[in-house]
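Below you'll find the structure, written out as structure tokens, and then a few comments.
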């Protein structure tokens, strides 16, 4: 569970702090366009989260699948969707439209993690869910300050497309 939260935090950090830098320096988006894209990404993430949680509740209520399969399905869709979008983002190269679509879609798929690994604490131990979340989020949040430092070290010399890839 800690690894899953580490990955969720890493992707969230990438999409909300590293990706806007890439869009601004390499693709030459204005600060207003970047702000709109990041805001739209969070709006779509909330929409995906609501839809996924409603579908998971519906599948559980009608006894189509168990809670464990719903969580695994949500995690699978989150991981595969986000991974494919981030890969597509870098294969899009300097195409602004495709980069925009993949960037927003990657953050949108992050919303599926809320009905997957983010809620697993309540399934494991309802009485100690807050304590478990505190421990796992602390470890998972390490990626949010390690990852930008690594990206800064890698792209320190020149802000070129090759360094960003």
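The values are calculated or read from the model by the stated rules, or taken from the named source; none is laboratory data. As the structure is a prediction and not an experimental result, all values here were calculated from the model. As a convention, Cβ positions derive from the backbone with ideal geometry for all residues, glycine included, and neighbour counts pool all protein chains shown.
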Reported set for the stretch 69-128 where residues are surrounded by 20 or more Cβ atoms within 10 Å (Cβ to Cβ) and either on the phi > 0 side of the Ramachandran plot or not in a helix (DSSP H, G or I) (or both) is 116, 117, 118
Check on residue 59, touching a residue at least 40 places away in the same chain (Cβ under 8 Å) and more than 17 Å from the chain's Cα centre (by Cα):
no
Starting from residues that are crowded, with 18+ Cβ neighbours inside 10 Å and closer than 14 Å to residue 151 by Cβ, keep the ones in the stretch 19-33 and report whichever is modelled with the lowest pLDDT.
26
Take residue 156 and decide whether it is on the phi < 0 side of the Ramachandran plot, outside any helix (DSSP H, G or I), modelled with pLDDT under 85 and out of contact with any strand residue (DSSP E or B) (no Cβ under 7 Å at 6 or more places or on another chain).
yes
Determine the pairs where a residue that is under 27 Å from residue 122 (Cα atoms), located within the stretch 1-20, has a partner that is at pLDDT 80 or above and outside any helix (DSSP H, G or I) with Cβ atoms under 6 Å apart, the partner being 6 or more residues away or on another chain.
9/141
